[in-house]
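To keep things clear, I will list the structure first and then write my remarks on it.
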Amino acid sequence: MWLAFMVAAFIAGQFASGPGVPQYDPGQAGRAEQVLTNLGVVTPPAESVLIEARTDEKQLTSDAAAGLRHAAAEVKRVTLQVEAALAALPQAADHIRAPFLSAASSRGLVAGHGTAALITFNVAGPNADADTTVLTDLAVVRKIQAAHPDLLVREAGSASTDRVANALLGRDFRQSEWTSVPMTLILLLAVFGALIAAGIPVLLAGTAVVTAVSLLGIAGQWLPVGSGTSELVLVIGMAVGVDYSLFYLRREREERMNGHDEQAVVAIAAATSGRAILVSGLTVMVSLAGLFLTGIDIFTGIAFGTIMVVGVAVLGSLFFLPALLSWLGQWADRGQLPYLGRRLTHPRPSRLWAGLAGKVVRRPLLLGGIATAALLVLAAPALGMRIGNPSIDLPSNLGVVRVLADIQHEFPGKPAPADVVVSGSGLQSQAMRTELAALRTDAARGGAIHGPVTATAVAGGRALVVEVPLAGSGTSKVSDSALLTLENRILPSTIGKVPGASFAVTGNTASSYDLRSLLDSRTPLVFGVVALLAFVLLMCAFRSITIPVVSILLNLLSVGGAYGLVTLIFQDGHLEGVLGFTSFGALVPWVPLFTFVMLFGLSMDYHVFILSRIRELWTGGASARDAIIDGVGRSAGVVTSAAIIMVAVFSIFATLSMIDVKMLGVGLAAAVLIDATVVRGVVLPAALSLLGERAWYLPAWLRWLPGRSLACESVPAVPASPAGPAGRRRGRPVRPAPTATTP
């Protein structure tokens, strides 16, 4: 039935393939994009050619008027050659704007007393072919550069940058596949100790990912699902698929070692690890659902896709996995590796982690306090976290990045001005022409906006696109301030006065600012709602009001430690040489929120599994202290194994080229490592030891809550402690009676 479900989802996804709902930026930028899309306007990629005297010549002639005039004359002569060469390629370049042709066109395109000039143009032809078409333009520029070695003639822009970025991404993903897949398989073999057993997580995760991606294709007809969502679905699907398989297989082998038959071991694993998987999966999905609250299209698609793959993985763990294990029986242990196979079929509690937990419960305040203080110190740099975007999310040593940086230095605000999309009525009226002239006059005075201001009619005159260069570099606070001045003061007093006309501002600066603003306002809401929903779910699952609070606080410690480490590395510029990046003094806006949501969900895997085992032992009659030590020791192997695999895969992201991917990889790997070691081994046992029996306290007035069937109770295989329920003082939590869910 599971395989039939996967095949049906795959076929349905193929029938539903096609153009989906487009994604738009938030705020004014998104509204402008929607207007253009509804009018059928496609903005062609823009390119720029920078012609300038070499640095040494500028310095040499800075005090010599004759030399300066000579350099300026050479720049002008070569600029005219470039303009003529591009104009001879109408199939590759159009809408060329070049200096020296007229006084109007020269404004804003000449700098450095004439020693630097800029030509801007659009890549002609279909946008889908722009990465290939731009090669013709690049070849012309390279030919002119070769003929004039005394000058710098270089091109950069949207199409050329996309071409470099796509090639770099393709190389990175091939590198990650060749690295991560063999590494994961080797670790799975080391963890499971048998060839067939190591293939079970791959089969579960693979079928879950295929099914989820197929269903995502169907959902993409109604939701804004981006192309990058599939990669995240793959990562999350593999992570939870491996985790859930480890939980199940570990318990199955443990019960087989206790003497149960094949039917019984699967039933016990379902009654214990299956419940933990259900609670864990629901918690992960609740955390990921927080992305819906941002109201950002790209997060909506990511949230739906990742929730889908986690839900499918949970269903597979509850139905497909036990059916597969029942069918395989002891065949799952075939192909055992020396020593490792023995460890798999005869799992024992970890002496290391059980011993550490024993020391912690004897001195919970001291050891727990030291570990908590260390995590708070690690998280402290996050208090100074700054949010911002790099001018371009590519390695700084690439040629196209250096050219763009030089363009921004010589011509601030170019080649990405603010694009004002004007729609409605009166676009060709005298009033509109008057207000556009007023806008140009304002730009000529300098300040927030610069010239030249150009207005282009699109969609047969049904809209205008007005390009307004902004002060600053395009990604600085100066540019943000200029954008707000344009939106709130300049445009309302000019174009906004035309009857029937409306405007919205888009462009790189506007898109980045609107995204940051919305994230700033929605992030506290996401944090609060995710924590509240997780609290309710865990309270129902564990029948306790204390356990959810402890779990949330410990997750926040892990996330805080990861935030602090990422801030130290990427914002403050540590380990630049090791990780191969150049700090721009801030963190990419979407990384902190996405890291929180991901980690809050994935970290709950470990907490739920460990706490389920501890509760099982406690309800079976063990004292709170013994349940903590034994629960940590028995769950250590599976949690450590899952953490090693996750850290190894996430660490590969840190070796890729994009700085936002590096941030995400370092943050996820650090948090998982912190959570699986310091938090799991020290802080959690210390907190539970200090709470004692109060950890499982649920007020009588809350015992009506649903979820009793989710609470992991004991199984007959767990012996009762001499200090049973009868010996507990009045007012302490009452243990649920052991259930007979297994033979």
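The values are calculated or read from the model by the stated rules, or taken from the named source; none is laboratory data. Note that the structure is a prediction, hence the values are computed from the model and not measured. Quick reminder, even Gly has a Cβ in these numbers, built from the backbone with ideal geometry, and neighbours come from all protein chains shown. These accessible areas exclude ligands, DNA and RNA; they are computed on the full protein's heavy atoms, side chains included. Shrake-Rupley method; radii C 1.70, N 1.55, O 1.52, S 1.80 Å.
Does Met385 meet the test of being modelled with pLDDT of 90 or more, under 27 Å from Arg31 (Cβ atoms) and either open to solvent by less than 50 Å² (accessible area, probe 1.4 Å) or within 30 Å of the chain's Cα centre (by Cα) (or both)? In short, no.
When every residue of the stretch 459-467 is checked against the conditions, none turns out to be surrounded by fewer than 20 Cβ atoms within 10 Å (Cβ to Cβ), without any contact (Cβ under 8 Å) to a residue 40 or more places away in the chain and among the basic types (Lys, Arg). Residues in the stretch 204-214 that are at pLDDT 85 or above and over 20 Å from the mean Cα position of the chain (by Cα): 6 in all.
If only one of Gly692, Gly667 is modelled with pLDDT of 85 or more and over 21 Å from Met183 (Cα atoms), which one is it?
After applying the criteria, what remains is Gly692.
Among residues of the stretch 221-233 that are at pLDDT 70 or above, those with a Cβ under 6 angstrom from a residue that is in a helix (DSSP H, G or I) and open to solvent by 50 Å² or more (accessible area, probe 1.4 Å), sequence gap 6+ or separate chain, pair up as Leu223/Phe304; Ser230/Val213; Val233/Val213.
Pairs are defined by a Cβ separation below 9 Å, a sequence spacing of at least 6 or placement on different chains, a first member in the stretch 607-625 that is within 17 Å of Gly355 (Cα to Cα), and a second member that is buried (at least 24 other Cβ atoms within 10 Å of the Cβ) and aromatic (Phe, Trp, Tyr); the pairs so defined are Ala624/Trp618; Ala624/Trp696.
Has the stretch 477-488 got any residue that is closer than 26 Å to Val42 by Cβ, touching a Pro at 6+ places or on another chain (Cβ under 9 Å) and open to solvent by 20 Å² or more (accessible area, probe 1.4 Å)? Before you say what the answer is, go through the steps one by one.
Going residue by residue through the stretch 477-488, those that are closer than 26 Å to Val42 by Cβ are 479, 483, 486-487.
Those left that are additionally touching a Pro at 6+ places or on another chain (Cβ under 9 Å): 479.
Add one more test, that the residue is open to solvent by 20 Å² or more (accessible area, probe 1.4 Å), and what stays is none.
No, that holds for no residue.
Pick out the one residue from Thr677, Thr640 that is modelled with pLDDT under 85, within 24 Å of Ala379 (Cα to Cα) and touching a Ser or Thr at 6+ places or on another chain (Cβ under 9 Å). Don't jump to the end; show me each part of the working.
Details: Thr677 fails: modelled with pLDDT under 85.
Only one candidate qualifies: Thr640.
Within the set of pairs 6+ apart or on separate chains, which have a first residue in the stretch 631-655 that is touching a residue at least 40 places away in the same chain (Cβ under 8 Å), a second that is not in a helix (DSSP H, G or I), and C-beta atoms under 6 Å apart? Short answer, once both residue conditions are applied: Gly633/Pro349; Gly633/Ser350; Arg634/Pro349; Ala636/Ser350; Gly637/Ser350. Screening the candidates Leu491, Leu554 for the property of being open to solvent by less than 40 Å² (accessible area, probe 1.4 Å), out of contact with any strand residue (DSSP E or B) (no Cβ under 6 Å at 6 or more places or on another chain) and at pLDDT 90 or above yields one hit, Leu554.
Which number in (1) touching a Pro at 6+ places or on another chain (Cβ under 8 Å); (2) under 21 Å from Leu533 (Cα atoms); (3) surrounded by fewer than 24 Cβ atoms within 10 Å (Cβ to Cβ) marks the one condition that Ile298 misses? So Ile298 meets the others, but not (2). Mind listing whichever residues of the stretch 568-596 are among the hydroxyl-bearing types (Ser, Thr, Tyr) and in a helix (DSSP H, G or I)? Matches in the stretch 568-596: Thr595 only.
Residues to consider are Asp605, Asp630; find the one that is part of a helix (DSSP H, G or I) and either more than 33 Å from the chain's Cα centre (by Cα) or of a type in the set (Lys, Arg) (or both).
Working: Asp605 fails: either more than 33 Å from the chain's Cα centre (by Cα) or of a type in the set (Lys, Arg) (or both).
After applying the criteria, what remains is Asp630.
The sole residue among Ala208, Ala159, Ala167, Ala194 that is out of contact with any strand residue (DSSP E or B) (no Cβ under 6 Å at 6 or more places or on another chain) and surrounded by 16 or more Cβ atoms within 10 Å (Cβ to Cβ) is Ala208. Taking the stretch 75-116 as the range and being at pLDDT 85 or above, part of a helix (DSSP H, G or I) and out of contact with any Asp or Glu (no Cβ under 7 Å at 6 or more places or on another chain) as the test, the residues that pass are Lys76, Arg77, Val78, Thr79, Leu80, Gln81, Val82, Glu83, Ala84, Ala85, Ala87.
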